[in-house]
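The values are calculated or read from the model by the stated rules, or taken from the named source; none is laboratory data. Predicted model only: the values in this text are computed from it and were never measured. Reconstructed Cβ throughout: ideal geometry from the backbone, glycine too, with neighbour counts over all protein chains shown. Ligands, DNA and RNA are excluded from the accessible area calculation, which covers all protein heavy atoms including side chains. Shrake-Rupley method; radii C 1.70, N 1.55, O 1.52, S 1.80 Å.
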There are 2 protein chains.
Amino acid sequence: MAKLYVVGIGPGGREDMTFRAVNAVKNSQVIVGYTPYIEYLEELVEGKEIISTGMKGELERCKAAIESVKNGKDTAIVSTGDAGLYGMAGPILEMATDIDVEIVPGVTAAFSAAGELGSPIMHDFCSISLSDLLTPWELIEKRIEKASEADFVITIYNPRSRGRKKHIEKAVEIMLKHKLPSTPVGIVKNSGRSGQEQFITTLDDIDYERIDMLSVLIVGNSKTYVENGHMITPRGYNL
Amino acid sequence: MAKLYVVGIGPGGREDMTFRAVNAVKNSQVIVGYTPYIEYLEELVEGKEIISTGMKGELERCKAAIESVKNGKDTAIVSTGDAGLYGMAGPILEMATDIDVEIVPGVTAAFSAAGELGSPIMHDFCSISLSDLLTPWELIEKRIEKASEADFVITIYNPRSRGRKKHIEKAVEIMLKHKLPSTPVGIVKNSGRSGQEQFITTLDDIDYERIDMLSVLIVGNSKTYVENGHMITPRGYNL
């Protein structure tokens, strides 16, 4: 029976892909994905049947991938980062109850970004997406509030798009009720792929114009500091 | 100048390592790590100088790795999962302010476990370690409380050891104040390596004896459900 691989390809560069992800792509006859993600795979997809769609075509892609497996073809549906976080693993399993599915984990954007910034996560953290397309904004606000109250490091996905310019400013306002203005914030755009840019600032001094939907923010906890250009959250040892 | 690679090798199996992690190990003359982690690397470390220590030797390993780089040798210090989450990236950057360090991200245990269970994370989540060796227990409790109040998926590291048998029971008690007793809980032991075991239960029906320090727990949010043996947190699409 044919199989569906739901593959997290990591941040985008080949070197941050796992062997399992590469093999899943190699073993598939059909590759399904958002057009730029397919392009990251370069020669890995040569000679294969490609089904690619634009940005908002997630469900269309899921349906096409499931259909392809039902037609007897081993198929990989690819997402950047990890397919199990804001990715395709959920929709696929929600829709496909009668085919063989393997979820192939990958390096998520926040961990790739963290590696570029130093060790900003390191300890207990929360991951929050600011996209309110699929989640009520009130719930997102509540999560930011509670995560800040409990002094978590907070990683923020989808911080800002043309249609949602003010969400990140509102999020920062909420965090500032519980986190110090001097809390370090690391911002990485296009982490782990070409066009990567990164900068470290503080919670009260963010240049919002430098943030877009391809950026990940990492907001420190009360112990996070910056040294030698690295953003560091201590593990807790007495050093 | 010699370089220090801080390498997350993923859950343990070779196939979940990234190409960058494998290359960092291959390019190093000296490999530093906890003995079992070195064993996962098998033939990758053949012919190299190995510095391995027991379980509580984290800081000893960090010092040895830094010393090795200062002696002019390219060195890799390896952790399972991602080195930037409860790993060695923090202590290394806290101690090593004058050497060239590259953090190599990897697949963390929670994402590996999630892939085995289905798509239990998928949406906003918090990662919490129940080890109070380096963190006050009161802060851990507060984080569990706030994360539950805001309906996050919660991933739990270090849930239970011989010396901390009751922490997980206390954590569940706190979660039950805000999460339904029927909330799905996925538990994976030795995720992504030999000896892997997994089971899905509910928050009010956890068999604590099956949980040890090599287990990861994933506690769902209010939308998480179980179908066909998969634990699924919906992304939020109307399906």
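The table below lists the values:
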item	result
Those residues of region A:1-52 which are without any contact (Cβ under 8 Å) to a residue 60 or more places away in the chain and either of a type in the set (Phe, Trp, Tyr) or touching an Asp or Glu at 6+ places or on another chain (Cβ under 8 Å) (or both), in sequence order	A:ARG14, A:PHE19, A:ASN23, A:ASN27, A:SER28, A:GLN29, A:VAL30, A:ILE31, A:TYR34, A:TYR37
Strands (runs of 3 or more DSSP E) wholly inside region A:190-239 containing at least 1 residues that are closer than 28 Å to B:ASP132 by Cβ and among the β-branched types (Val, Ile, Thr)	A:215-219, A:225-227, A:230-232
Those residues of region B:11-22 which are in a helix (DSSP H, G or I) and open to solvent by 10 Å² or more (accessible area, probe 1.4 Å), in sequence order	B:ARG14, B:GLU15, B:PHE19, B:ARG20
Number of positions in region B:94-138 that are within 17 Å of B:MET175 (Cα to Cα) and within 7 Å of chain A (Cβ to nearest Cβ)	7
Lone qualifier among A:ALA76, A:ALA109 - being under 30 Å from A:HIS230 (Cβ atoms) and of a type in the set (Gly, Ala, Ser)	A:ALA109
Flag if A:VAL185 is without any contact (Cβ under 8 Å) to a residue 60 or more places away in the chain, among the β-branched types (Val, Ile, Thr) and out of contact with any Lys or Arg (no Cβ under 7 Å at 6 or more places or on another chain)	yes
So A:ILE156, is it more than 7 Å from chain B (Cβ to nearest Cβ) and not in a loop (DSSP other than H, G, I, E, B)	yes
Scan of region B:123-143 for residues that are open to solvent by 40 Å² or more (accessible area, probe 1.4 Å) and among the charged types (D, E, K, R), ordered by number	B:ASP132, B:GLU138, B:GLU141, B:LYS142
Members of region A:149-163 that are open to solvent by 10 Å² or more (accessible area, probe 1.4 Å) and farther than 20 Å from A:SER215 by Cα	A:GLU149, A:ASP151
Checklist (1) within 7 Å of chain B (Cβ to nearest Cβ); (2) open to solvent by less than 30 Å² (accessible area, probe 1.4 Å) applied to A:LYS146, failing item	(2)
Qualifying residue in region B:220-233 (condition: surrounded by fewer than 20 Cβ atoms within 10 Å (Cβ to Cβ) and of a type in the set (A, V, I, L, M, F, W, C))	yes
Residue within region B:191-214 that is touching a Ser or Thr at 6+ places or on another chain (Cβ under 9 Å), under 22 Å from B:GLY10 (Cα atoms), away from chain A (no Cβ under 14 Å) and open to solvent by less than 50 Å² (accessible area, probe 1.4 Å) present	yes
Residue, farthest from B:LEU139 (Cα to Cα), within region A:226-239, restricted to residues that are within 10 Å of chain B (Cβ to nearest Cβ) and under 24 Å from the mean Cα position of the chain (by Cα)	A:HIS230
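Residue-wise test of (1) in contact with a Leu (Cβ under 7 Å, 6 or more places away or on another chain); (2) modelled with pLDDT under 95; (3) of a type in the set (S, T, N, Q).
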position: B:LYS177; (1), (2), (3): no, no, no
position: B:THR183; (1), (2), (3): yes, no, yes
position: B:ILE187; (1), (2), (3): yes, no, no
position: B:GLN198; (1), (2), (3): yes, no, yes
position: B:LEU203; (1), (2), (3): yes, no, no
position: B:ASP207; (1), (2), (3): no, no, no
position: B:SER215; (1), (2), (3): no, no, yes
position: B:ASN228; (1), (2), (3): no, yes, yes
